[in-house]
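The values are calculated or read from the model by the stated rules, or taken from the named source; none is laboratory data. All figures in this text were calculated on a predicted structure; none of them were measured in a lab. Neighbour counts are summed over all protein chains in view; Cβ atoms, including those assigned to glycine, are modelled from backbone coordinates with ideal geometry.
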Amino acid sequence: MAPIIELKNVDFGYVPGELTLEQVDLTVASGESGCIVGPNGGGKSTLLKLLLGMLQPTRGTVRLFGLPPEEGRLRVGYMPQYHLLDRVFPITAFEVVLTGRMNSWRPLWYGRADRRAAMRALEEIGMAQLAEREFSELSGGQRQRVLIARALACEPELLLLDEPTANIDPGAEERFYALLENLRRRMTVLTVSHDLGFVNREVDSVICVNRRVVKHRAADFSAEAADAVYHHHVSLIQHDHSCFCHCGEAKHV
Amino acid sequence: MFEWWHELWMPELSFLRYALLLGILSAPVLGVIGTTVVTRRISSLAGASAHAALGGVGLALYLQRVWMWRFFSPELGAVLGALIAALVVGIVSLSASEREDTVIGVVWALGMALGLLFLDRTPGYVDWQGYLFGNILLLSSTELYLTLALDAAVLLPLGLFYNRLLAVSFDATFAQLRGVRATAIYLAVLALTALTIVLLMNVVGIILVIAMITLPAATSGFFARHLWSMMALSGILSAVFMVGGLLLSYFCRVPSGPAIVVLAGVVYLLAMTVRRKRRS
């Protein structure tokens with residue numbers, strides 16, 4: 001079975017002669033859950049855009065489900081950070097989730113199956129009772145969950161979450177982790193996070209991005225408590241020098 | 001008491017009736033295009049397009065009178081100017097290689113300056129103020145047919161692509177990932193916006209047209225929960241503003257363009273004070 005994500009020898013630079021990502025080799029297998037970490041400006045967002053075919057690599061190849069990203073991305077549920085979206089756009093939570101049912105080949109109007117799938121996604125994240133609420137009236141955490149529901153409504157094989165915990169209050173965070181663990185049983189979940197505590201939560205691998213990309217097995221990376229993460233970074237220097245430049249900087253963010 | 005009603009039907013007031021009808025018939029276009037412009041935050045792009053229309057008007061009058069190109073009407077010139085400006089700014093903003101607001105400012109001023117240069121070199125009397133501030137005396141039944149055609153050109157695709165327009169307007173990146181052709185939709189919106197601008201040029205003028213596109217939509221945005229209801233309400237509001245402003249202008253003997261825009265602006269400000277939406 002082809003890996004879900006396969007980057008081979010990928011270089012990317014926004015300006016000629018200045019590489020944002022260099023010599024990236026990365027494979028993610030089906031069912032593998034991972035966490036993408038790295039400092040700001042290290043290339044996390046660029047890596048996501050390459051994966052989704054929104055940017056073309058300067059060199060090398062990107063494959064999603066063994067396909068070019070433009071085709072493979074229809075099997076991806078992508079969740080952006082909610083604050084990048086228009087706050088005052090006239091749209092209800094349910095309508096937002098319905099846009100996840102959009103597809104290049106589907107008919108122009110949503111059918112009953114689409115509405116049911118959208119409602120199911122809202123139920124799954126515990127937001128069904130707020131379906132008819134306006135998106136702009138929701139709290140930050142609620143909006144973020146609606147965007148997860150939208151990604152789920154795509155019925156994806158790969159769920160790609162960009163900073164899902166950045167704006168969630170601590171109480172909601174616990175529920176969110178529980179939801180994620182649930183989802184990991186059904187699909188491949190990749191999370192981009194600044195939150196190193198996140199790394200400890202039952203992921204299979206940690207993908208460190210700082211111009212270069214290094215993937216670790218989470219077993220080598222995990223720590224019992226959040227504050228232990230710091231020490232782990234120190235120990236990581238000893239056994240893997242290359243990791244320091246990636247993960248070591250992430251703790252400052 | 002109903003004298004004004006009879007006065008409206010006097011034969012010499014046909015231009016006023018055209019203007020009133022145009023105000024009502026253009027409601028669908030203004031509702032849809034205005035809402036799209038406001039929610040996608042391209043009102044300054046629309047402003048640049050409107051001002052560039054004057055460049056086209058100037059070119060057309062010059063060609064008509066100096067080169068005797070009779071077919072090249074000011075309206076045709078305005079369509080060309082507005083379309084080219086909207087597409088230039090739109091394509092530049094898509095490629096994101098230049099600062100968008102700078103490009104908008106350049107196109108805005110350049111279009112206007114070119115228009116004034118052409119008008120200066122055009123022999124004979126030119127009512128350039130009419131293009132800038134509106135002149136409903138120029139209206140004829142042709143404008144009404146064009147309005148109906150533009151209604152169809154906006155409503156038919158909307159009926160088919162509403163869900164795609166909604167997805168793209170709310171989150172263009174996500175919609176693109178789902179296979180929606182965001183760029184094509186964006187360029188279609190720009191082209192229809194340019195046509196709407198020219199349609200309203202004779203009623204409110206190039207300078208004020210941007211207000212007529214954005215104010216009804218922005219007012220209705222305070223109250224609407226859905227994109228479609230924002231479009232519907234803003235269409236109704238635009239008809240109310242046009243008809244109200246025109247009647248005001250005729251019976252108070254003030255210019256029509258400013259009367260319409262002042263009415264729309266006052267209602268917008270009132271709506272802002274009673275707005276229902278929380279906006280922090």
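When A:LEU108 is tested against the conditions (1) within 14 Å of chain B (Cβ to nearest Cβ); (2) part of a helix (DSSP H, G or I); (3) more than 19 Å from the chain's Cα centre (by Cα); (4) under 28 Å from A:LEU64 (Cα atoms), the lone failure is (2). Looking at region B:165-223, the helices (runs of 4 or more DSSP H) lying wholly inside it that each contain 2 or more residues that are closer than 25 Å to B:ALA52 by Cβ sit at B:182-204, B:209-221.
Under the condition of being over 23 Å from B:ALA50 (Cα atoms) and aliphatic (A, V, I, L, M), which residue from region B:1-34 is surrounded by the fewest Cβ atoms within 10 Å (Cβ to Cβ)? Among them, the one singled out is B:MET1. Any idea which of (1) more than 30 Å from B:GLY77 (Cβ to Cβ); (2) free of Cβ contacts under 8 Å to residues at least 24 places away in the same chain is the one B:TRP228 doesn't satisfy? It fails just one condition, (2). For region A:114-138, a tally of residues being under 23 Å from A:LEU84 (Cβ atoms) and within 11 Å of chain B (Cβ to nearest Cβ) returns 6. If you go through region B:109-132 and pick out every residue that is surrounded by 17 or more Cβ atoms within 10 Å (Cβ to Cβ) and assigned to a helix (DSSP H, G or I), you end up with 10. Does B:SER238 fit the bill of being of a type in the set (Ser, Thr, Tyr) and at pLDDT 90 or above? Yes, satisfied. Here is a check on your reading of the model: is B:ALA239 touching a residue at least 60 places away in the same chain (Cβ under 8 Å) and touching a Phe, Trp or Tyr at 6+ places or on another chain (Cβ under 7 Å)? So B:ALA239 does not fit the description; no. Examine region B:243-266 for a residue that is part of a helix (DSSP H, G or I), within 14 Å of chain A (Cβ to nearest Cβ), of a type in the set (Val, Ile, Thr) and touching a Ser or Thr at 6+ places or on another chain (Cβ under 8 Å), and state whether such a residue exists. So far as region B:243-266 goes, no, none of its residues is part of a helix (DSSP H, G or I), within 14 Å of chain A (Cβ to nearest Cβ), of a type in the set (Val, Ile, Thr) and touching a Ser or Thr at 6+ places or on another chain (Cβ under 8 Å). Residues in region A:77-94 that are more than 7 Å from chain B (Cβ to nearest Cβ) and either of a type in the set (Gly, Ala, Ser) or closer than 18 Å to A:ALA118 by Cβ (or both): A:GLY77, A:MET79, A:TYR82, A:ALA93, A:PHE94.
Screening the candidates A:GLY141, A:GLY72, A:GLY100 for the property of being part of a helix (DSSP H, G or I), free of Cβ contacts under 8 Å to residues at least 60 places away in the same chain and more than 13 Å from chain B (Cβ to nearest Cβ) yields one hit, A:GLY141. Take A:LEU147 and decide whether it is within 18 Å of the chain's Cα centre (by Cα), part of a helix (DSSP H, G or I) and within 29 Å of A:HIS194 (Cβ to Cβ). Spelling it out, A:LEU147 is indeed within 18 Å of the chain's Cα centre (by Cα), part of a helix (DSSP H, G or I) and within 29 Å of A:HIS194 (Cβ to Cβ).
State all residues of region B:166-182 that are among the β-branched types (Val, Ile, Thr) and modelled with pLDDT under 90; if no residue qualifies, say none. If you could, list the steps in order and put the result at the bottom.
As a first pass, look at region B:166-182 and keep what is among the β-branched types (Val, Ile, Thr): B:168, B:173, B:180.
Of everything in region B:166-182, those that are among the β-branched types (Val, Ile, Thr) and modelled with pLDDT under 90 turn out to be B:THR173, B:VAL180.
Only helices (runs of 4 or more DSSP H) whose full extent lies in region B:4-72 are considered here, and none of them has at least 2 residues that are basic (Lys, Arg).
Among the candidates B:ALA149, B:ALA82, B:ALA113, B:ALA78, single out the residue that is among the small types (Gly, Ala, Ser) and more than 17 Å from the chain's Cα centre (by Cα). Sole residue among the options that is among the small types (Gly, Ala, Ser) and more than 17 Å from the chain's Cα centre (by Cα): B:ALA113.
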